[in-house]
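Chemist: Please find one structure pasted underneath; my questions will follow.
Each value in this text was obtained by applying a stated rule to the coordinates, not by laboratory testing. This one's a predicted model, so the numbers in the text were calculated from it and none came from an experiment. Because the Cβ atoms are built from the backbone with ideal geometry, glycine has one as well, and the counts that use them run over all protein chains shown.
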Amino acid sequence: MVESTANNRKSDKVAAVAIIPAPQKLQVMAGYFAIPTQLSVNIDNPSLDWLAQYLVTEIFKSTQPSIDTENSPGTKENPAIKLLLDDSIGKKEAYRLTVSAWQITIIGSDYPGIFYAIQSLRQLIDWQSRSIPQLVIFDEPVYAYRGMHLDVSRHFFPVEFVKRYIDLIARHKMNAFHWHLTDDQGWRIEIKQFPRLTETGSTRAQTVVGHTSDSAVEFDRQVHAGFYTQEQIREIVEYATRRSVTIIPEIDVPGHAAAILAAYPEYACIDRPYEVQSRFGIFTDVLCTRESTFDFLEGVLSEVAALFPGEYIHIGGDEVKKQQWQQCSECRALMQENAYQDFNQLHSHFVKRVEDIAAKLGKRIIGWDEVLDGDIDNTTTIMSWRGTEGGIKAAQNGHSVIMTPVEALYFDFYQSTSLDEPLAIHGLTPLKKVYDFDPRPAALDADEEQFILGAQGNVWTEYMSNGAAVETMVLPRMSALAEVLWSKKDNRKWQDFLNRLDVFSSQLIVDGYRVSEADLKPIAQLAIVAGGIELSLSTPRPYFEIRYTVDGRTPDLTSLLYSAPLLFTKRTQLTASAFHPVTGKRYGLEKITLAPHKALAKSITVNGQTDKAATTLVNGMLATDRIFQYHEWFAIEQETSLLLIDLGVSATLSSVDIGYQAGQYRRLYLPTSIEVSVSQDENDWYCVAKAGQQDIVLASPRSVLEFDAVTARYLKIEIVNHNIDYSEEQREEIAMPVYIDEILVN
Ligand code: TNX
């Protein structure tokens, strides 16, 4: 990335002014402000002391700036930076930044405005030439809420990393840090009235290795523990406040409560021991709705409210399993007393009680969109995560809304399909998807739109065990989100963003941040065409070269150069990488096996029904050598499933080849047996091949069932799935799905 930055700078003068998020108005002039060895920072207001210090110690540390309150203008001999407050220049958080030959003037409509001007300035400095282009910027944000979330329960992150993360938020002109402090896998905030929350609740015995949904789950047998003392929290709050970041602490109730119950089982419905979870998922453990739970929560929230100065406390409310409430006489009695018809109303009741507690403490609450499932007052601010629907409904009912839809803003999802991506939870959210996200859904009218405060990227850390892993998952996706939230739509152009991103990312890299290269990797697209399968390869950086091999080897600079869509008429494994045109550095490893076969794009039904998801079984692409992605597989949930393929015409058939094991990171459940029958008329069927459990285990990842050549138009494939496993989450044995992909018929 550093190299392409240098390139851009040489060839294109405007690219030198590369600010993310794109400022509202920018006018670049000829000439530069040359950074002197000694610089003075002028302030006329003591409330700006810290900002002046910050300029001196963080931004211009290599010069020797002095701070003076004389308010003297910069001169050729004595260049100066001047900081001023003036709330008439724009709305909240607005700033004007003027860089002229000897003076840099920053006017903020408030403290954050000045802070953001400093962030823009930081991005404008070219330390190689020690210069800043002369310019005028006027800037203010489109959305008031610009957030990033961090889950410190699934993995604990030390204070130093939390500060680094807040810095990153601030550098993106984002202003909210949603700190997910509690969950099933660990309670991370000291509460003096309830010491066991951290004594017991912050420690788990071990952590799952690999993916929590793997068929044979393994554990690391290492204790994972950690929490923040109240003193550390105050230090972090202060750190964030200085950087115009408000912290929203989340205490997730009544679900995701295993760590609470491990410490205080008296707040459960069912009397038994509980433990801090070492796997991930949705557990049935919930807080009981009896009165003592709310006394407990009042105690907890009073300490939380005292630590965090912001207006909000997030109270969770997501993924609440209702079984334990159903089994609890006290919960059922409360239902009756209030004439509640279903358990969602009991959930709302719970949320309402917590909201009242928060209100007494002078706080408003935010809840995940499940809190809308019952009936809830519109005083609750909604975080819409299960898509944007919850947010739309909430805005229409007058709730304030923060958009965090799983499909676009979950930064725990994969960033590309390249095999060199780190293990992630699932899903695919490439950079462009984040950049194209619009926090204001088309379904809302202008009045309703006012309720959308903004959006937030969520970082659930089940599969991020250290700070470096977090950084590579959020960068550069949060750079895209920052622009979505700050910049006007007219100022948001994808290619232009990518050019600026190269500059910004290289600055972050210089400061030690780890930035994913996923957005530089090749992307494959398939189309079934007459005579075979057509594959197109692209990369968001058009000046990169794409090279590929068809012999399974990792491409290098001597491999075939991709220039136009490729047609495949027989089974081929293609491996592609992108290469930087100057340095020759390789990016990504996109592996894709294409296989035209006799059932390609033919009609397929599942247990007599058409099923759109099943078309992936005959799309000519094998998912078995790729990272597991749900959308590339077909899930078999039943004990027996019958897949029926109609070839349209009779054909000579002699093999069926079925995949069931993903190539990287995941260990899927295997089918119990596979049986293939053929027919000419859909009445008389002949079983031609069968694979039992042993055959399947041995043949994994794919079974090739061969048989003597027959002529047939229809194929019936029976998949038997007897996989049952004990679910830690549900505390019972449950049927597990198997996933299959591509039924190659030849
Ligand atoms: C859903 S989003 C959750 C989290 C998981 C996340 C993984 C939400 C409110 N709940 O508990 O960590 O999915 O993507």
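Chemist: Among Ser384, Ser677, what is the fewest-to-most ranking by other Cβ atoms within 10 Å?
Modeler: Ordered from fewest to most neighbouring Cβ atoms within 10 Å, Ser384, Ser677 come out as Ser677, Ser384.
Chemist: What are the equivalent ellipsoid semi-axes of the chain, built from the alpha-carbon gyration tensor (square roots of five times its eigenvalues), in whole angstrom, biggest first?
Modeler: Three semi-axes, in Å: 48, 37, 21.
Chemist: Let me make sure I get this right: for segment 589-746, a, b and c are the square roots of the gyration tensor eigenvalues over alpha carbons, sorted descending. Under 1.5 in a/c it's rounded, otherwise prolate if a/b > b/c, else oblate. Which is it?
Modeler: prolate
Chemist: In the neighborhood of Phe227, defined by Cβ-to-Cβ distances under 10 Å, what is the net charge if each Lys or Arg adds +1 and each Asp or Glu adds -1?
Modeler: Local charge sum for Phe227: -1.
Chemist: Mind scanning Lys92/Lys163; Lys321/Lys612; Lys25/Lys493; Lys82/Lys163; Lys25/Lys91; Lys521/Lys602 and naming the pairs with a C-alpha gap bigger than 20 Å?
Modeler: Lys92/Lys163; Lys321/Lys612; Lys82/Lys163; Lys521/Lys602
Chemist: Something else about it: At R0 = 56 Å, how high is the FRET efficiency between Gln27 and Ser679 if r is their beta carbon distance? Nearest 0.05 is fine.
Modeler: E(calc), rounded to 0.05, equals 0.15.
Chemist: I would also like to ask the following. Taking the alpha-carbon set of segment 489-619, what are its Rg and Dmax in Å?
Modeler: 18.7, 59
Chemist: Show me, bin by bin at 5 Å from 0, the whole-percent P(r) of segment 322-373 based on Cα pairs.
Modeler: Bin by bin from 0 Å, the calculated values are 5, 19, 26, 20, 17, 11, 2.
Chemist: Right, next: Report, in whole Å, the centroid distance computed from the Cα atoms of segment 216-245 and segment 73-126.
Modeler: Each part's Cα centre sits 34 Å from the other's.
Chemist: Now for a separate question. Which number do you get for Rg(Cα) / (2.2 N^0.38 Å) in segment 665-739?
Modeler: 1.38
Chemist: How big is the dipole moment of the chain about its Cα centre under a simple scheme where the beta carbon of each Lys and Arg is +1, that of each Asp and Glu is -1, and everything else is neutral? Debye, nearest 20, please.
Modeler: 2540
Chemist: Using r as the Cβ-Cβ distance of Ser536 and Thr605, and R0 as 25 Å, what FRET efficiency do you calculate, to the nearest 0.05?
Modeler: With R0 = 25 Å, the Cβ-Cβ based efficiency is 0.25.
Chemist: Note down the nm distance, to one decimal, between modelled labels 7 Å out along Cα→Cβ at Gln341 and at Thr379.
Modeler: The two pseudo-label positions are separated by 2.6 nm.
Chemist: State the extension gain, in nm to one decimal, for the chain segment bounded by Ser727 and Asp445, taking 0.36 nm per residue of separation less the distance between their alpha-carbons.
Modeler: Answer, rounded to one decimal: 97.1 nm.
Chemist: For the residues Arg146, Arg243, Arg171, Arg290, what sequence is obtained by ranking on other C-beta atoms within 10 Å, fewest first?
Modeler: Fewest-to-most ranking of Arg146, Arg243, Arg171, Arg290: Arg290, Arg243, Arg171, Arg146.
Chemist: Looking at the chain, which Cys residues are left with no other cysteine's beta carbon under 4.7 Å from theirs?
Modeler: Cys687
Chemist: Now for a different question. Using a Förster distance of 60 angstrom, determine the FRET efficiency expected from the C-beta separation of Lys432 and Gln327, and round it to 0.05.
Modeler: E between Lys432 and Gln327, to the nearest 0.05, is 0.80.
Chemist: Now for a different question. Place +1 on the Cβ of every Lys and Arg and -1 on the Cβ of every Asp and Glu in the chain, take the dipole about the Cα centre, and give the residue among Met478, Ser703, Val152 whose Cα lies farthest towards its positive end.
Modeler: Met478
Chemist: Also, quick follow-up: Using alpha carbon centroids, what distance separates segment 304-366 and segment 673-746, in Å?
Modeler: Using only Cα atoms to place each centre, the spacing works out to 46 Å.
Chemist: Please give the calculated 222 nm ellipticity per residue for the chain, where each DSSP H segment of at least 4 residues contributes -39500 (n - 2.57) and the sum is spread over every residue; nearest 500 deg cm²/dmol?
Modeler: The helix-only estimate for the chain comes to -7000 deg cm²/dmol at 222 nm.
Chemist: Where does each of Ser536, Ser641, Ser131 land when they are ranked from fewest to most other beta-carbon atoms within 10 angstrom?
Modeler: With the sparsest Cβ surroundings first, the list reads Ser536, Ser131, Ser641.
Chemist: Which residues in segment 15-45 place their backbone N less than 15 Å from a point set 7 Å from the Cα of Thr63 along the Cα-to-Cβ direction?
Modeler: 32-43
Chemist: Moving on to the next point. Obtain the nm distance between the two label points defined at Ala216 and Glu319 by a simple spin-label model: each point lies 7 Å from its Cα along the Cα-to-C-beta direction.
Modeler: 2.6
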